[in-house]
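Participant: Pasting a structure below so you can have a look.
The values are calculated or read from the model by the stated rules, or taken from the named source; none is laboratory data. Keep in mind it's a predicted model, so treat the numbers as computed, not measured. FYI the Cβ positions are ideal-geometry reconstructions off the backbone, even for glycines, and counts take in every protein chain you see. Just so you know, the surface numbers come from the protein's heavy atoms only, side chains and all, with ligands and any DNA or RNA stripped out. Shrake-Rupley method; radii C 1.70, N 1.55, O 1.52, S 1.80 Å.
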Amino acid sequence: MRAAVVTSFGGPEAVEIGEVALPEPGARQVRIRVTAAAVNPVDAGVRAGVFGGAGKRLGLGWDVAGVVDAVGVASGWNVGDEVVALAYGTAKDLGTHADQVVVDADAVAVAPRSVDAAHAASLPLNALTAAQALDRLALEPGQSLLVTGAAGAVGGYAVQLASRLGVRVIGLAREDDEEFVRSLGAERFVTDGVAPGSVDAVLDAAILGADALEWVRDGGVFLGVIPGAQPASVRGVRTGAVEVAADGARLAELVALVDEGVLTTRVAGTYALDEAVKAHARLAEGGLRGRLVLVP
């Protein structure tokens with residue numbers, strides 16, 4: 001089969017499309033024939049060597065929408081099932097940017113019925129990150145949450161999920177994004193932040209760091225999206241960062257919210273697998289609203 005891999009670090013041109021052996025599922029695993037797979041900033045990080053792995057073949061791609069075409073023992077899935085899944089890992093030898101991918105069975109959920117495969121593929125990594133971040137923030141209805149990068153993939157899902165829980169959401173994004181961010185459920189919209197110490201929590205999807213920490217009240221919570229990169233605690237503010245975990249059951253809940261119209265999936269463009277270099281180049285340009293998706 002074909003797969004997008006990196007064998008030496010660099011820019012978009014470091015992405016290679018090569019022929020690799022077809023992977024076989026083990027016990028409690030399934031193989032998915034890839035219909036669509038999102039391209040995320042973490043893929044650019046793997047490509048650039050941010051996570052290490054020099055001298056190894058590194059596979060790209062975390063999100064997948066597709067059809068189960070082989071199952072291992074006790075997988076609980078059937079050949080022909082239409083699914084989505086998260087293939088976690090910055091140092092895996094094969095990812096979802098391929099014709100087929102093997103994932104653990106408990107990372108898989110039935111695909112949404114209301115959107116196409118490209119939109120479904122934009123869900124697992126970013127929506128799970130947002131949902132698991134909100135779990136860690138543990139805010140009560142009526143408390144305030146400022147989401148930086150509120151028009152982005154993780155930020156957008158966080159705004160929708162938090163507002164659904166009754167949290168008072170303030171969305172920070174570019175001026176042109178105000179209408180969109182408010183449509184997601186943000187009670188307030190800002191472009192330059194808020195008064196110091198005025199919110200109960202910040203989810204820093206835009207990676208502003210210490211600047212965003214200043215907006216949290218004494219004893220509040222700050223959560224980043226890059227493990228280990230969060231600022232040190234000050235004024236009793238609890239700081240941390242979410243590290244996404246594959247969770248098929250939670251992903252199924254998020255799929256249900258897509259089908260109910262609660263979560264909005266967004267695709268900025270699609271590329272053939274053989275055009276993965278072009279997709280990485282477009283990602284590097286920035287300014288995207290929605291995910292780029294490879295469609296093998």
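Participant: What strands (runs of 3 or more DSSP E) completely inside region 1-106 contain at least 1 residues that are open to solvent by 20 Å² or more (accessible area, probe 1.4 Å) and touching a residue at least 60 places away in the same chain (Cβ under 8 Å)? Full working, then the answer.
Facilitator: Numbers: elements: 2-6, 16-19, 29-39, 63-71, 82-86, 100-104.
It comes to 2-6, 16-19, 29-39, 100-104.
Participant: Looking at Phe189, Phe180, which is the one that is touching a helix residue (DSSP H, G or I) at 6+ places or on another chain (Cβ under 6 Å) and either farther than 23 Å from Thr239 by Cβ or open to solvent by less than 20 Å² (accessible area, probe 1.4 Å) (or both)? It would help to see each step written out before you state the result.
Facilitator: Numbers: Phe180 fails: touching a helix residue (DSSP H, G or I) at 6+ places or on another chain (Cβ under 6 Å).
Answer to the check: Phe189.
Participant: Picking from Val295, Val255, which residue would you name as being open to solvent by less than 40 Å² (accessible area, probe 1.4 Å) and closer than 30 Å to Val67 by Cβ?
Facilitator: Values: Val295 fails: open to solvent by less than 40 Å² (accessible area, probe 1.4 Å).
The match here is Val255.
Participant: Since Gly166 meets every condition but one in (1) farther than 19 Å from Gly219 by Cβ; (2) open to solvent by 10 Å² or more (accessible area, probe 1.4 Å); (3) in contact (Cβ under 8 Å) with a residue 40 or more places away in the chain; (4) of a type outside the set (A, V, I, L, M), which condition does it not meet?
Facilitator: Of (1) farther than 19 Å from Gly219 by Cβ; (2) open to solvent by 10 Å² or more (accessible area, probe 1.4 Å); (3) in contact (Cβ under 8 Å) with a residue 40 or more places away in the chain; (4) of a type outside the set (A, V, I, L, M), only one is false for Gly166: (3).
Participant: If you don't mind, another one. Could you please find all residues in region 258-296 being over 17 Å from the mean Cα position of the chain (by Cα), charged (D, E, K, R) and either within 13 Å of Pro41 (Cβ to Cβ) or in a loop (DSSP other than H, G, I, E, B) (or both)?
Facilitator: If the condition is that a residue be over 17 Å from the mean Cα position of the chain (by Cα), charged (D, E, K, R) and either within 13 Å of Pro41 (Cβ to Cβ) or in a loop (DSSP other than H, G, I, E, B) (or both), then Glu260, Arg282, Glu285 are the ones that fit.
Participant: Is one or more of the residues making up region 110-120 farther than 20 Å from Val258 by Cβ, touching a helix residue (DSSP H, G or I) at 6+ places or on another chain (Cβ under 7 Å) and in a strand (DSSP E or B)? Before you say what the answer is, go through the steps one by one.
Facilitator: Step one: filter region 110-120 for residues farther than 20 Å from Val258 by Cβ, giving none.
There is no residue in region 110-120 that is farther than 20 Å from Val258 by Cβ, touching a helix residue (DSSP H, G or I) at 6+ places or on another chain (Cβ under 7 Å) and in a strand (DSSP E or B).
Participant: Does region 233-252 contain at least one residue that is aliphatic (A, V, I, L, M), assigned to a helix (DSSP H, G or I) and open to solvent by 40 Å² or more (accessible area, probe 1.4 Å)? Lay out the reasoning, then the answer.
Facilitator: Keep residues of region 233-252 that are aliphatic (A, V, I, L, M), which gives 234, 237, 241-242, 244-246, 249, 251-252.
This time we only want the ones that are assigned to a helix (DSSP H, G or I), so: 249, 251-252.
Those left that are additionally open to solvent by 40 Å² or more (accessible area, probe 1.4 Å): 249, 252.
Yes.
Participant: Taking Arg217 as the residue in question, decide whether it is in contact with a Ser or Thr (Cβ under 8 Å, 6 or more places away or on another chain) and either in a loop (DSSP other than H, G, I, E, B) or surrounded by fewer than 19 Cβ atoms within 10 Å (Cβ to Cβ) (or both). Spell out the reasoning first.
Facilitator: Details: in contact with a Ser or Thr (Cβ under 8 Å, 6 or more places away or on another chain): yes; either in a loop (DSSP other than H, G, I, E, B) or surrounded by fewer than 19 Cβ atoms within 10 Å (Cβ to Cβ) (or both): yes.
Judged against the criteria, Arg217 is a match.
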